[in-house]
Amino acid sequence: MIDFSNTLVIIPARKGSKGIPAKNKKLLNGKPLIQYTIDAAMAIFPKYSICISTDDIDIQDIGIQNGLSVPNLRPENLSNDKASARDVILYEVLKTDREIETIVYLQPTSPLRTALNIKEALDLYDYDAMDMLVSVSLAKANPYFNLFEEDEKENLVISKKHESKSRQDAPEVFQFNGAIYLINYQSLIKNEISLFPRIKKYLMSKEDSIDIDDPIDWHLAEILMNSR
């Protein structure tokens, strides 16, 4: 288990969203989308360790109403869709008055991610042995079975060759689901996240892995929440 005194939990929630306007503060089953992530984080972490990173004054108000730290609004260059998670994290860490070892990065677009999911990920995390532990789900598409590329004659060929005759025989592949990132801060200083050599997984169910990007995702999240 990580030391909370050296941990910064960042909930990134910028104002802009192309798929769903004002997505992070839009009401999902009666609560702002970001509130589900705030609730999950507050069930585990002390409030002093949780930071809302936003350029939206309404989201800033939601954070303050929850008793959380919401430093100055993010600058414009860190509030567009080209700003990287690494840039946002480094910016927020510089504003803290604590020595940070571990970043817990929780995106608001995963409202079905629970406090139990976060706790299980924390139990797997090893600061000394990992650059990052990331939540994943089993990928629906598989490069060994149903993903194809074009060859020089524009014929479709399987992306990765394997002696598999069915999807069940093909090696399992995983995709980041966007719900939980536990990041070694010293590793982040040295490298882009995409260049981390020591990444381990925390496997989540398909249901808990819903990542809201468009209206169909939103509708599916509502259905799953109502069925719980």
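The values are calculated or read from the model by the stated rules, or taken from the named source; none is laboratory data. Here the structure is a predicted model, which means the values were calculated and not measured. Cβ sites come from the backbone with ideal geometry, for glycine too, and all protein chains shown count toward neighbours.
Observations, loosely collected:
- If you go through the stretch 87-119 and pick out every residue that is assigned to a helix (DSSP H, G or I), charged (D, E, K, R) and surrounded by 17 or more Cβ atoms within 10 Å (Cβ to Cβ), you end up with 1.
- The stretch 27-85 - residue that is modelled with pLDDT under 90, outside any helix (DSSP H, G or I) and among the polar types (S, T, N, Q) and, of those, farthest from ASP3 (Cα to Cα): ASN80
- Subset of the stretch 37-93 [touching a Gly at 6+ places or on another chain (Cβ under 6 Å) and closer than 22 Å to LYS26 by Cα]: ILE52, VAL70
- Test: residue in the stretch 129-151 that is aromatic (Phe, Trp, Tyr), surrounded by 14 or more Cβ atoms within 10 Å (Cβ to Cβ) and closer than 30 Å to ASN6 by Cβ: no
- Within the stretch 163-190, considering residues that are part of a strand (DSSP E or B) and among the polar types (S, T, N, Q), the one surrounded by the most Cβ atoms within 10 Å (Cβ to Cβ): ASN177
- Extreme residue, surrounded by the fewest Cβ atoms within 10 Å (Cβ to Cβ), among residues of the stretch 191-228 that are among the hydrophobic types (A, V, I, L, M, F, W, C) and assigned to a loop (DSSP other than H, G, I, E, B): PHE196
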